[in-house]
Amino acid sequence: MSSLSPDKRRKMESALNQLKKYTVVVADTGDFNAIEEYKPQDATTNPSLILAAAKMPAYQHLVDQAIKYGITKGGTEDEELTNIMDKLFVSFGLEILKKIPGRVSTEVDARLSYNRDEMVARALKLIALYKVEGIDKERILIKLSSTWEGIQAGKELEEKHGVHCNMTLLFSFAQAVACAEAKVTLISPFVGRILDWYKESTGCKSYEPHEDPGVLSVTKIYNYYKKFGYATVVMGASFRNTGEVKALAGCDLLTISPGLLEELSQDHGTIKEMLNEKNAKDCDLDKVHLDEKAFRWEHNEDRMAVEKLSDGIRKFAADAVKLECMIKEKVLNVKNGQ
């Protein structure tokens, strides 16, 4: 094996293994089997992924455990449901942490996206649930929507409580700048959803990876952060194809669905580093500062970002409601002795 040239050795390696040399690979799933198979460093979940996983027979024991916990805690019907949901999200997180060396992202209810204080309180509750199970907050990323209120909640959690945050549903450069200035740990710009919007709005049905609007957005954000020395790291998310993933090789982290992880594991093409700190230092970007008024205006000027942020919050909220309805039915059955 050692006699092979570097080029030949690369050809024998999967694209996934090559990618891991440049970028921390994160599994975008609540399915433990997928996590075990592709061996990512970290894993991230959201209400849609938890809803899908909670419907699988293999994970019914986690749902049952959460329901038992919520009923035992007592309180009003709403409090009981909230406790069950929080416990369920943490239970999935605990199982995921058994299979990865790094961190798991656990999301705060999207319906709190415009309430800073409630987001902080819910995040601390999730951290407390993990602590009871012996998991240190260093292994948790709390996911918050990248609204102005969400970004300020992230700032408070980081500064006052030492809780690391993952700012999700990020589509605009203004959101990225505000997150960096808030000194949050990590952002998750949504590559594929940006592409979706441009396909629908322009009528152009295909983009080469180097012209992909989502790829260009993340590249700009990455370069801006590295040029001006921000500690916040970039995790590209929501990919539609492996071309987008390859075009962002070198990004701090990339969170990838099991389907695309499988494609990359079967692909033996050469992966090249597309992003790095040295090139970022030389890029032509000016430093900007955004207070709340400037943030709201700059974000508002990006129609794609405004539409996709609100759409993303609605979709995550809708899946949270579906999950709650499923839980309510199961709670009723338990209480009726079925």
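Note that the stretch 176-182 has calculated 3J(HN,Hα) couplings of 5, 5, 4, 5, 5, 5, 7 Hz, one per residue in order, obtained from phi through the Karplus relation 6.51 cos²θ - 1.76 cosθ + 1.60 (θ = phi - 60°); glycine and proline are x.
Phi-derived couplings, Karplus 6.51 cos²θ - 1.76 cosθ + 1.60 at θ = phi - 60°, listed residue by residue for the stretch 187-197: 10, 10, x, 8, 5, x, 5, 5, 4, 3, 5 Hz, with x used for Gly and Pro. Using amide H atoms built in the peptide plane, which far-off residues or other-chain residues are under 5 Å from V233 H to H? Amide H to amide H, under 5 Å and 5 or more residues apart or across chains, V233 pairs with L186, I187. Coupling constants for the stretch 48-59 follow from the phi torsions by the Karplus curve (6.51 cos²θ - 1.76 cosθ + 1.60, θ = phi - 60°), and in residue order they are 5, 5, 5, 4, 4, 5, 5, 7, 7, x, 4, 10 Hz; glycine and proline get x. Candidates L141, A174, I35 compared by Cα position along the dipole of the chain: farthest toward the positive end lies I35, with charges placed on Cβ. Between the C-alpha center of the stretch 125-149 and that of the stretch 191-256 there is a gap of 26 Å.
Exceedance of the 30 Å cut-off in Cα-Cα distance is limited, within the set K199/K220; K308/K335; K205/K227; K226/K322, to K308/K335; K205/K227; K226/K322. Share of carbon and sulfur in the accessible area of the stretch 187-282 stands at 49%, probe radius 1.4 Å.
For the stretch 179-338, just say rounded, prolate or oblate: build the C-alpha gyration tensor, square-root its eigenvalues into a ≥ b ≥ c, call rounded for a/c under 1.5, and beyond that prolate if a/b exceeds b/c, oblate if not. Taking the square roots of the gyration eigenvalues as a ≥ b ≥ c, the stretch 179-338 is prolate.
Compactness of the stretch 1-147 was expressed as the Cα radius of gyration divided by 2.2 N^0.38 Å, which yields 1.26. Calculated accessible area for the chain comes out at 46 Å² per residue, all protein chains present (probe 1.4 Å; ligands, DNA, RNA ignored). A simple spin-label model places the labels of E301 and E208 2.9 nm from each other, with each point 7 Å out along Cα-to-Cβ. Basic side chains Lys and Arg get +1 at the Cβ, acidic Asp and Glu get -1 at the Cβ, and with that the dipole of the chain about its Cα centre reaches some 620 debye. Surface composition of the stretch 81-178: carbon plus sulfur atoms contribute 50% of the solvent-accessible area (1.4 Å probe, protein chains only, all chains present).
The values are calculated or read from the model by the stated rules, or taken from the named source; none is laboratory data. Note that the coordinates shown come from a computational prediction; the quantities given were computed from them, not determined experimentally. We place every Cβ from the backbone using ideal geometry, glycine too, and count neighbours over all the protein chains shown. All accessible areas refer to the heavy atoms of the entire protein, side chains included, with ligands and DNA or RNA removed. Shrake-Rupley method; radii C 1.70, N 1.55, O 1.52, S 1.80 Å.
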